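Input: a single structure, listed below in structure tokens.
Since every read-out is calculated from the coordinates, none of them should be taken as a lab result. On a predicted model such as this, the values are computed, not experimentally measured, just so you know. Cβ placement follows ideal geometry from the backbone for every residue including glycine, while neighbour counts extend to all protein chains displayed.
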Ligand SMILES: Nc1ncnc2c1ncn2[C@@H]1O[C@H](COP(=O)(O)OP(=O)(O)O)[C@@H](O)[C@H]1O
């Protein structure tokens, strides 16, 4: 992973925008709306992702017709249609998983993202990496997972550990979808030299189409409209959330187009690690021994990767 100025700019953009995105996402989805008997929760995942994709699309459209003209796009529409589907399924599966596993488990699970991105990139994205890179990425992922994993409080009632359940299966499916999305994006780049703005525009356009269909079929659109009319102030949070999402995704697509899906997933995973680390330190908590080991592994893996991970393996034909 080359650490030039542009890379650092994109990484900072992702860190800042998704930090704000995370706060708003939690405020919207965990907030309580109304008082007493009529109090309700926000349960409109499809609608939330729909609004997000509409704003992402609009942002890409505005950028492409003003500041960031990127010329003609020859990318196969099949690639946009399929990557939009895998990108949506990844989000839907990880959200659905929350019905069976708790939030920290979901974050730890999803922090393995660089692994499927790497493996499926090699299998389906025509990518190849030097052997050492696998080791560095594994070190980073292991470090992040060790850092984030929460021991169950001793006083809590021991639940029967059922091993792999529906929640875990959904997380694995979500990771596979993330890996496929990255692999298709790599193919777009090598076969059509697809540009960041075009990828953002069309992936979100297809997603809006799929989601509009799903919203109508499930009837969620009407429930969501009712919710908005009962709690119109949520529109403000939805707007700022979507703007953070569009700005963040802009950097994500720049990162993918210029550096690839794997460096992008390493940055997003490292971002989660830093967010948790900042909150531990901010609240004056001590890092546990396991967390220290995790942090050392993350830094060691990232440093090794930025120093030695650059060498390209011979390209597959
Ligand atoms: N390869 C990608 N292509 C398009 N959008 C992406 C990609 N990777 C991440 N994103 C966007 O960034 C958001 C946050 O991603 P990330 O930080 O990796 O967390 P997670 O996937 O666990 O939700 C995703 O929900 C998605 O909207």
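Under the simplified labelling scheme, the residue 274-residue 76 pair shows an inter-label distance of 3.7 nm, with each label point 7 Å from Cα along Cα→Cβ. The C-alpha radius of gyration of the chain, expressed as a fraction of 2.2 N^0.38 Å, stands at 1.02. Fewest neighbouring Cβ atoms within 10 Å first, the residues 305, 178 line up as 305, 178.
Here 236, 206 are placed in order of increasing Cβ neighbour count within 10 Å, fewest first, which gives 236, 206.
In percent, rounded to a whole number, the relative contact order of the chain is 38, using alpha-carbon pairs under 8 Å and six or more apart. Highest GNM mean-square fluctuation among 191, 26, 35, for the chain modelled with Cα contacts below 10 Å: 35. Work out the P(r) tail for the range 11-140: percent of alpha carbon pairs separated by more than 20 Å, whole number. Looking at the range 11-140, the distances longer than 20 Å represent 65 percent of pairs. The translational diffusion coefficient of the range 166-210, from Stokes-Einstein at 4 °C and 1.567 mPa s with a Kirkwood hydrodynamic radius over alpha carbon pairs, comes to 109 µm²/s. Relative to the current alpha-carbon distance between residue 33 and residue 20, full extension at 0.36 nm per residue lengthens the span by 2.6 nm. Taking the fewest neighbouring Cβ atoms within 10 Å as the starting point, the ordered list for 254, 271, 27 is 27, 271, 254.
For the range 54-201, the normalised intensity computed at q = 0.09, 0.11, 0.12 Å⁻¹ comes to -0.38, -0.55, -0.64 (log10 of I(q)/I(0), Debye sum over alpha carbons, equal scatterers, no solvent). The shape of the range 13-87 can be summarised by an equivalent ellipsoid whose semi-axes, obtained from the alpha carbon gyration tensor, come to 33, 16, 11 Å from longest to shortest. Between the alpha-carbon centres of the range 62-92 and the range 229-251 there is a gap of 21 Å.
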